[in-house]
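The values are calculated or read from the model by the stated rules, or taken from the named source; none is laboratory data. Everything numeric here is computed off the predicted structure, so don't read it as measured data. With ideal geometry, Cβ positions are generated from the backbone for all residues, glycine too; neighbour counts draw on all protein chains shown.
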Amino acid sequence: MHTILREIFKNTDLTPQDLAVISEKLTKITLQKGELLLQAGEPVADIFYIHEGCLRAFFTDDEDKEHTLQFAVKGWWISDYIALFGSTNNRAVSYIECIKPAILYRVSKADFDDLCRALPAVSQFHIKKLESAFAAFHRRILGNLTLSAKDRYLQFVKIYPDIEQNVKNYHIASFLGITTESLSRIRREIAEG
């Protein structure tokens, strides 16, 4: 377990005692392609670290159209953050689907909060992760507002270089806010140079 903890908390100074405390809070989970980690309407109390595989968080609107909110690969964290951090409702608004067989480590938000209070290094780690995630979400919003569909696709490939071959075209298109036909046209333009 210490090897996985060193991976999760890389560049964080943790003593063997700290690692022992943390390891008591983590639970290993395996998922197969197509399995749902979370469904809309379920209570949300946990966050998940991706050790292997790929997951996708998506929202389904009133017309049953899927909107991909996030992909998560090795080294990333995932949950339904609206429910997890919201003050009024702890029920998921999104689904989280496994799109490539995955090994995850689950920790409850309550346990993680306790770890942050007890271990300053974990608290600092958490702050840095939240800052990075917040900046990434802002970059995505700005990209959606200002970049062409082609530039959004090129940015996606840069951020997620290993995802494209593991996900369906309509997942990528829904993440980019375009149709699958537009995605195919963009790929042709890029291939033709």
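Points to keep in mind about this one:
- Test for I127: is it touching a residue at least 60 places away in the same chain (Cβ under 8 Å) and of a type outside the set (F, W, Y): no
- Here T68, T15, T60, T30 are screened, and the one residue that is without any contact (Cβ under 8 Å) to a residue 24 or more places away in the chain and either surrounded by 17 or more Cβ atoms within 10 Å (Cβ to Cβ) or of a type in the set (V, I, T) (or both) is T15.
- Residues that are closer than 19 Å to L130 by Cα, at pLDDT 95 or above and either part of a strand (DSSP E or B) or touching a His at 6+ places or on another chain (Cβ under 9 Å) (or both) do not occur anywhere in segment 17-33.
Residue by residue, here is whether (1) within 18 Å of the chain's Cα centre (by Cα); (2) over 30 Å from K168 (Cβ atoms) holds:
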residue	(1), (2)
V21	no, yes
K65	no, no
I78	yes, no
V93	yes, no
A102	yes, no
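- Residue within segment 105-127 that is more than 19 Å from E7 (Cβ to Cβ) and of a type in the set (F, W, Y) present: no
- For segment 132-165, the tally of residues that are closer than 18 Å to R56 by Cβ and aliphatic (A, V, I, L, M) stands at 5.
- Which numbered condition Y160 fails, given (1) of a type in the set (S, T, Y); (2) in contact with a helix residue (DSSP H, G or I) (Cβ under 8 Å, 6 or more places away or on another chain); (3) surrounded by 14 or more Cβ atoms within 10 Å (Cβ to Cβ): (2)
- Residues that are touching a helix residue (DSSP H, G or I) at 6+ places or on another chain (Cβ under 7 Å), at pLDDT 95 or above and farther than 20 Å from F85 by Cβ, drawn from segment 40-55: H51
- Selection from segment 73-109 of residues that are under 22 Å from A40 (Cβ atoms), surrounded by fewer than 17 Cβ atoms within 10 Å (Cβ to Cβ) and touching a residue at least 60 places away in the same chain (Cβ under 8 Å): S108, K109
- Applying the condition of being among the aromatic types (F, W, Y) and in contact with a strand residue (DSSP E or B) (Cβ under 7 Å, 6 or more places away or on another chain) to segment 154-178 and asking which residue is modelled with the highest pLDDT yields F175.
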